[in-house]
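The values are calculated or read from the model by the stated rules, or taken from the named source; none is laboratory data. The structure presented is a predicted model; accordingly, all values stated were derived computationally and were not measured. Heads up, the Cβs are rebuilt from the backbone with ideal geometry, glycines too, and the neighbour counts pull from every protein chain shown. For accessibility, only protein heavy atoms count, side chains too; no ligands or nucleic acids. Shrake-Rupley method; radii C 1.70, N 1.55, O 1.52, S 1.80 Å.
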Amino acid sequence: MSTPSQHPFEMKPETACIHAVRDATHSTGAVGVPIYQSATFAHPGVGQSTGYDYSRAQNPTREHVEKLLAALEGGADALAFSSGMAAIAALMELLSPGDEMIATDDLYGGSVRLFNNVSAKNGVIVRTVDTSDPAAVSAAITDKTKAVFVESPTNPMMKVTDLRAIKEVIGDKNILLIVDNTFLTPYFCNPLALGADLVVHSGTKYLSGHNDTLAGFIVVRSPEIAEKLRLLQKTIGAVLSPFDAFLVTRGIKTLAVRMKKAQENAIEIAHWLEAQAKVTAVHYVGLPDHPAYELSQRQASGFGAMISFSVDSAATATAILSNTKLILFAESLGGVETLITYPVMQTHADVPETERLARGIDEKLLRLSVGIEAAEDIINDLKKAMR
Ligand SMILES: *Cc1c(COP(=O)(O)O)cnc(C)c1O
């Protein structure tokens with residue numbers, strides 16, 4: 001067996017999603033990546049290896065999707081985990097007791113739970129600041145700071161961090177810039193090209209794209225950090241299974257068309273929401289009056305398809321949640337199906353109340369992950385549910 005290789009030709013992102021990695025591990029000509037459902041691999045002889053020994057260390061199907069992520073994000077390497085949280089938990093092991101990390105104050109709820117309950121117990125101090133303000137990041141840096149963890153746009157308030165500005169604030173200090181790029185995907189944004197050292201993804205979302213699998217990725221700029229993460233990955237062991245690696249590879253083949261269609265729908269729905277009497281605020285990066293509309297265009301090629309909006313009362317919010325027929329009331333995002341979420345009771349239920357309210361996450365706030373259905377059908381469903 002030989003390892004899958006990145007394709008040698010220059011290609012546009014749409015093409016790269018489909019062709020960036022060619023499977024070289026077999027001779028059958030299979031166009032779909034084979035699922036190597038094997039825990040272990042026999043050695044040709046003493047002191048010899050096919051390149052694969054045991055699937056916790058590496059598996060050809062997982063390696064294929066890892067190479068694909070590395071190619072799409074422009075990284076030296078990428079590592080696939082069993083979920084986005086497994087990826088973030090593994091990368092936190094790069095830090096030691098006494099180290100400090102600065103993180104965006106409007107983070108995915110699961111990341112907040114990890115930092116508050118696990119990282120804190122392990123002696124890593126996580127300070128949350130508004131990373132959309134580079135001066136606030138600068139002020140929070142101490143000689144113990146080892147990492148800055150940015151989520152952009154944020155979940156659910158859609159605040160955008162200027163990644164080049166944060167890189168400038170870090171300067172030549174020995175601080176890792178980590179970006180959770182789940183919302184924009186490598187199709188719309190490549191944080192490594194803007195100065196990030198590590199990119200993390202919940203592959204559960206747009207990358208797999210069909211609400212049918214959990215996955216997580218870390219993409220790394222430097223081979224040295226990649227090597228440390230490889231050791232952590234095989235030691236801790238929360239690796240992506242061969243079947244799930246296949247599903248994510250298949251999902252990524254349609255990433256470009258899904259992102260384009262979901263964004264087109266999101267723009268239409270955000271404008272429609274703005275015109276509704278019961279809607280008091282619409283948070284969508286792709287609206288020209290969003291504070292980061294211009295910044296987004298400087299550092300990304302798209303706005304994504306995540307919208308949050310506030311309505312006039314908690315009663316209106318619960319009516320919408322109870323009455324949509326097409327739109328599913330479910331956690332998660334990034335799939336072909338449009339989902340509606342109630343952050344206060346779902347994704348952010350574990351965020352302490354004072355912090356939650358300070359961030360604007362109250363019982364009037366709803367979040368939409370816009371799918372790829374007809375925009376007209378999604379709008380009609382919201383219209384009826386709002387009446
Ligand atoms: C979902 C999500 C995660 C966690 O990923 P899982 O695959 O659910 O473990 C992390 N960050 C963001 C922005 C997410 O949306």
Inset, instruction - Name the residues whose placed amide hydrogens come within less than 5 Å of the amide hydrogen of PHE329, ignoring near sequence neighbours (fewer than 5 apart) on the same chain. - result: ILE340
Inset, instruction - With everything on Cα atoms, drop me the angle between helix 255-274 and the longest principal axis of the chain, reported from 0 to 90° to the nearest 10. - result: 10
Legend entry - With every protein chain in place, the chain: carbon and sulfur % of accessible area (1.4 Å): 53
Legend entry - Debye intensity ratio in log₁₀ form over the Cα atoms of the chain, taken at each q of 0.06, 0.13 Å⁻¹: -0.23, -1.07
Legend entry - At 0.890 mPa s and 25 °C, Stokes D of the range 249-387 from Kirkwood alpha-carbon radius, µm² per second: 159
Legend entry - GNM result for the chain, Cα springs below 10 Å: residue of SER310, SER82, SER49 fluctuating most strongly: SER49
Inset, instruction - Compute the FRET efficiency between MET11 and VAL31 as 1/(1 + (r/R0)^6), taking r as their Cβ-Cβ distance and R0 = 22 Å, and round to the nearest 0.05. - result: 0.80
Inset, instruction - Would you mind working out the magnitude of the charge dipole of the chain relative to its Cα centre, with +1 at each Lys and Arg C-beta and -1 at each Asp and Glu C-beta, to the nearest 20 Debye? - result: 540
Inset, instruction - Can you give me the P(r) profile for the range 218-295? Cα pairs, bins 5 angstrom wide beginning at 0, each as a whole percent. - result: 3, 11, 12, 12, 12, 11, 11, 13, 9, 4, 1
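What accessible area per residue comes out for the chain, rounded to a whole number of Å², with a 1.4 Å probe? It would help to have the intermediate numbers written out before the result.
Working: 16080 Å² over 387 residues.
So the chain comes to 42 Å² accessible per residue, rounded to a whole number.
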Legend entry - Gaussian network model of the chain, Cα within-10 Å springs - most flexible of ALA165, ALA277, ALA90: ALA277
Legend entry - Two-decimal log10 I(q)/I(0) for the range 114-224, as the Debye equation yields it once each C-alpha is a single scatterer, q = 0.11 Å⁻¹: -0.37
Inset, instruction - Working from Cα positions, state the angle (0 to 90°, nearest 10) between the long axis of helix 242-253 and the longest principal axis of the chain. - result: 60
Legend entry - With all protein chains modelled, accessible area of ILE170 [1.4 Å, Å²]: 0
Legend entry - Packing rank of 262-270, 131-139, where each peptide gets the mean count of other beta carbons within 10 Å, highest leading: 262-270, 131-139
Inset, instruction - May I ask you to derive the FRET efficiency for GLU264 and GLU363 from their Cβ-Cβ distance with R0 = 45 Å, giving the value to the nearest 0.05? - result: 0.90
Legend entry - Options ALA305, THR61, PRO13, ranked by Cα towards positive dipole end of the chain, top entry (Cβ charges): THR61
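Checking a compactness column here: for the range 42-183, what do you get for Rg(Cα) / (2.2 N^0.38 Å), N being the number of residues?
The range 42-183 yields a ratio of 1.22.
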